[in-house]
Amino acid sequence: MTSTAISAQGSKLEVSGGSGAAKNITGLALGFPTILKAVAHGMANGDIVTFAALTGNTTLNGVTAVVKNVTTDTFAVEVDTTGGAAYVNGGTATPAQWAPIANLKSFKGFDGQANEIDKTNLSSTAKEYMLGLQDFGHFTFDVDKDFADPGQLACSAAKRAGTLKNFRLTLPNGTTATWAAYVKNDPLDGGVDQLLATTGVSLRISGDVTFA
């Protein structure tokens, strides 16, 4: 069988910054996922948007969600609007801006696991379990240090302030993973005849990871 493996070369890691220009919503198809129309919106899979001012169906107002299934004029979000009121008109989707984290060398993560709940009782003939809440664990990465890079600076600032940030990993085949996390550390490594590096930056994932 021919291998379907892909190279990690060309992967990109980004951290969220400010807000971009609001996109005007012109249509909404109820369901799960919810599909929205915004002509020439220019967004990409894995973008994060916040909705406002939709009329008729107001489920999305105030909601922040990850963009999926992008076409030129439409995109989807994993919010269930099945059976809701019909969309009337108006509304905006305001995307978060992204800062690439320069000099990415390696990464690994999404290493968490669901909690185990023991449901064994006196009628049990063996130990019995059910799964509890999912924990997506950590995401760690290494970079060559750049003290002027906006992405690396944003991570350092988030670590110092204890701020929850959004991150997006884009793989060479176009697959994206988007998640919220706290930056737990920001180590600096150096040595004889070596590049100055930040090795083992650990992001503690908070909530679900959305793949698109």
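The values are calculated or read from the model by the stated rules, or taken from the named source; none is laboratory data. Treat the numbers as computed from the prediction; the structure is a model and nothing was measured. All Cβ positions, even for glycine, are placed from backbone atoms using ideal geometry, and neighbour counts span all protein chains on display.
Laid out as a table, the results:
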{"quantity": "Selection from segment 181-207 of residues that are farther than 29 Å from Asn69 by Cβ, buried (at least 20 other Cβ atoms within 10 Å of the Cβ) and among the aliphatic types (A, V, I, L, M)", "calculated": "Val183, Val201"}
{"quantity": "Qualifying positions in segment 1-23 - assigned to a strand (DSSP E or B) and closer than 17 Å to Val63 by Cβ", "calculated": "Ser16, Ser19, Lys23"}
{"quantity": "Thr178 β-branched (Val, Ile, Thr), under 18 Å from Asp144 (Cβ atoms) and either under 8 Å from the mean Cα position of the chain (by Cα) or assigned to a strand (DSSP E or B) (or both)", "calculated": "no"}
{"quantity": "Leading residue by the ranking (surrounded by the fewest Cβ atoms within 10 Å (Cβ to Cβ)) among those in segment 27-66 that are free of Cβ contacts under 8 Å to residues at least 24 places away in the same chain and part of a loop (DSSP other than H, G, I, E, B)", "calculated": "Gly62"}
{"quantity": "Among (1) of a type in the set (Gly, Ala, Ser); (2) assigned to a helix (DSSP H, G or I); (3) farther than 18 Å from Gly10 by Cα - the single one Gly151 does not satisfy", "calculated": "(3)"}
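So that you can scan it fast, the table gives a plain yes or no per residue for (1) of a type outside the set (A, V, I, L, M); (2) surrounded by 18 or more Cβ atoms within 10 Å (Cβ to Cβ); (3) touching a Gly at 6+ places or on another chain (Cβ under 6 Å); (4) not assigned by TED's automatic domain parsing to the domain that holds Asn45:
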{"position": "Phe136", "(1), (2), (3), (4)": "yes, yes, yes, yes"}
{"position": "Thr140", "(1), (2), (3), (4)": "yes, no, yes, yes"}
{"position": "Cys155", "(1), (2), (3), (4)": "yes, yes, no, yes"}
{"position": "Ala158", "(1), (2), (3), (4)": "no, yes, no, yes"}
{"position": "Leu164", "(1), (2), (3), (4)": "no, no, no, yes"}
{"position": "Thr175", "(1), (2), (3), (4)": "yes, no, no, yes"}
{"position": "Trp179", "(1), (2), (3), (4)": "yes, yes, no, yes"}
